[in-house]
Amino acid sequence: LMNMRNSTNGIKMDAMRLILMKCFLVLLLILKRRSPIIFVSIELLEIFLTEADEVLDAVRENIPLSRHEPQNQEYLIRLRRSFHTLKGSGRMVGLNLFGEGAWNIEQVMNVWLSETRDGSEALFQLLDYAAGEMRAWVDELKTRGSSNRNADAMIAAAIAVKEGGSFELSEPEPT
């Protein structure tokens, strides 16, 4: 195929080869850097951003309600579902770090619910922090189209609270 040319097809084939070579070079650069680039449709990302706004609004509504009635498991269930939704929808659009942060909060909520614990100040501080961080992440995606955020501090705080510790923001240990 590459050797069959007439004047018009030859130009088209040269252009096609150039495009393919550029794509191959970009792919090599991505693999060399191990960049987590995932291609997502704009429509799917817009749906995620809209859903994330709604879910984070629900989290903001339920935290004060739960603080007021810390024994009310229904509020804790709603909060757990919210972070479950953020986890799944974040992962669906390739925001794996966002999804990991939400998953860690969901795991804390799973412990609370499985042990029928009342909400505690450490839990509410974690939820406030996570909701604020995730809101900022979503806002960055809406305004810039990308974000360099990670969930390391959120994950470290979630692990501490899940293990019965207080809410503290510290640098996670290097892996």
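A few notes on this one:
- Of the residues making up the stretch 88-110, those that are closer than 22 Å to Gln71 by Cα, open to solvent by 30 Å² or more (accessible area, probe 1.4 Å) and without any contact (Cβ under 8 Å) to a residue 40 or more places away in the chain number 1.
- Residue check for Leu113: open to solvent by 10 Å² or more (accessible area, probe 1.4 Å), of a type in the set (A, V, I, L, M), modelled with pLDDT of 95 or more and assigned to a helix (DSSP H, G or I): yes
The rows are residues; the columns are (1) within 19 Å of Arg81 (Cβ to Cβ); (2) of a type in the set (S, T, N, Q); (3) out of contact with any helix residue (DSSP H, G or I) (no Cβ under 8 Å at 6 or more places or on another chain); (4) touching a residue at least 40 places away in the same chain (Cβ under 8 Å).
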position	(1), (2), (3), (4)
Glu115	yes, no, yes, no
Leu127	yes, no, no, yes
Gly145	no, no, yes, no
Ala157	no, no, no, no
Lys162	yes, no, no, yes
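The values are calculated or read from the model by the stated rules, or taken from the named source; none is laboratory data. None of the values given here were measured: they were computed from a predicted structure. A quick note on method: Cβ atoms are made from the backbone with ideal geometry, for glycine too, and the neighbour counts reach across all protein chains shown. We work out accessible area using only protein heavy atoms, side chains counted, and drop any ligands, DNA or RNA first. Shrake-Rupley method; radii C 1.70, N 1.55, O 1.52, S 1.80 Å.
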